[in-house]
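Structure first, then comments.
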Amino acid sequence: MSALRLALIGFGTVGQGLARILADRGADLRERYGLDVRITAVADLRCGSVHAADGLDPARLLAAAGADGTFDAVDAEDRGWDALTTIREAQADVVAELAFTDLATGEPALTHVRTALEHGRHVITTNKGPVALAWPELAATARRRGVRLEAEGTVMSGTPALHLGAELLAGAGVTRIEGILNGTTNYVLTRMEAGADFGEALAEAQAEGYAEADPSGDVEGIDAAGKVVILANRVMGAELTMADVAREGIAGLTRADVEAAAAAGERWKLIGRVERDGQTVRASVAPRRVPATHPLASVGGATNAVTYTTELLGDVTLIGPGAGKLATGYALIADLLAIHRATGGAA
């Protein structure tokens, strides 16, 4: 069994989630699926960077990050590399790009992904920026270099929305995709149904850790728009940009709006939608009143969901967590398994 050597660019919530899964379930992955993942490098702005060709103990990395926030106590052959040096020089078959998300420029993650692909590394990422802004280019580079680019965690965390739509439903004729793709806004709308006004519901979301101090990316639909672009391009083969998405957030909704929908047997949801009309693919994000019978109507709280409308199967709905340390870490495991299967278990 050959090991799949992995370099992590970023060791925040997602990187630590992956490390925890590998520490706890690495043996099971080897025994059941023949997947032997070996972390050989980590580069993180807070913790520092370490590289060891024979591998770094994920439990030791977690302990060091939790103890003093640095990798100073981790045994390593090389230290102090920046992200690009790590990508170029580490003994790694796969680069996991886990830096912060920027849906305006995609940087620095976009440069990280480009560099990794050009150097013949497979790439896995939960970072929406590069995938939303440059999927056609990056996918073409991956094909040219004979490597894989996997990004399951960019849409619904570890809930396998992309693998379902792009692979398992590839022959079913997907004509429409509708989803609750942002847990923060769904939580806010759920709380408004319980009687809170928008400001109160948003404050609760922030207190629970669902919303950032600056919640504009969520409540204005920017985060959901990025995911809609990824779905359109990855599942439907479109080449949409963020500017192609008609976008409206939820800040204009009032408690009276929510109560009126409830009286009519409907619920407000921020819906990301992709539709194929002949050769044209259109995308939007907007608050919509959905009937109680709609598959997405019953999805409450911070949960995410997506409904694929297909020619052969009708509607197929997937519901699951859209965030979380282990959930998003699992998305990377799913991507590693996809690479493992595609390469026949060879790095």
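The values are calculated or read from the model by the stated rules, or taken from the named source; none is laboratory data. If you're wondering where the values come from, they're calculated on a predicted model, not measured in any experiment. In this analysis, Cβ positions are derived from the backbone assuming ideal geometry, glycine residues included, and neighbour counts consider all displayed protein chains. Side chains included, ligands, DNA and RNA excluded: accessible areas come from the protein's heavy atoms. Shrake-Rupley method; radii C 1.70, N 1.55, O 1.52, S 1.80 Å.
Sorting 100, 11 by accessible area puts them as 100, 11; the probe is 1.4 Å, largest comes first, and only protein heavy atoms count.
Each Lys and Arg Cβ is given +1 and each Asp and Glu Cβ -1; about its Cα centre, the stretch 193-347 then shows a dipole of about 580 debye. Using R0 = 22 Å, the C-beta based FRET efficiency linking residue 213 and residue 256 works out to 0.20.
Placing a pseudo-label 7 Å from each Cα along the Cα-to-Cβ vector at residue 298 and residue 143 gives an inter-label distance of 4.0 nm.
The structure-derived value of Rg and Dmax of the Cα atoms in Å appears in the list (1) 21.7, 63; (2) 20.5, 65; (3) 21.0, 69 under the label (2). Rolled with a 1.4 Å probe across the full set of protein chains, the surface gives residue 330 an accessible area near 110 Å².
Averaged per residue, the stretch 207-293 has 49 square angstrom of accessible surface, using a 1.4 angstrom probe with ligands and nucleic acids left out.
Per residue, the convex hull around the alpha carbon atoms of the stretch 119-240 comes to 126 Å³. In plain terms, the chain from residue 104 to residue 31 could stretch by 22.1 nm, reckoned as 0.36 nm per residue minus the Cα-Cα distance. For residue 311, the solvent-accessible surface computed with a 1.4 Å probe is close to 140 Å², ligands and nucleic acids excluded.
Take peptides 118-128, 190-200 and line them up by average Cβ neighbours within 10 Å, highest first, as a rough protection proxy.
On the way: 118-128: 23.5, 190-200: 16.2.
Per-residue mean Cβ counts within 10 Å order the peptides as 118-128, 190-200.
Remark: spin-label model distance residue 311-residue 72 equals 6.3 nm, labels positioned 7 Å along the Cα→Cβ axis. Positive-end ranking of 337, 115, 129 along the dipole of the chain, with charges on Cβ about the Cα centre, is headed by 337.
Legend: residues 293, 303, sorted from most to least accessible area (1.4 Å probe; ligands, DNA and RNA excluded), read 293, 303. Note on the chain: with charges restricted to the Cβ of Lys and Arg (+1) and Asp and Glu (-1), its dipole about the Cα centre is near 860 debye. Per-atom-type breakdown for the stretch 22-96 gives carbon and sulfur 41% of the accessible area (1.4 Å probe, protein chains only). Counting protein heavy atoms only, the stretch 256-301 has 48 percent of its accessible area on carbon and sulfur, 1.4 angstrom probe. Computed over protein heavy atoms with a 1.4 angstrom probe, the accessible surface ordering of 273, 247, 20, largest first, is 247, 20, 273.
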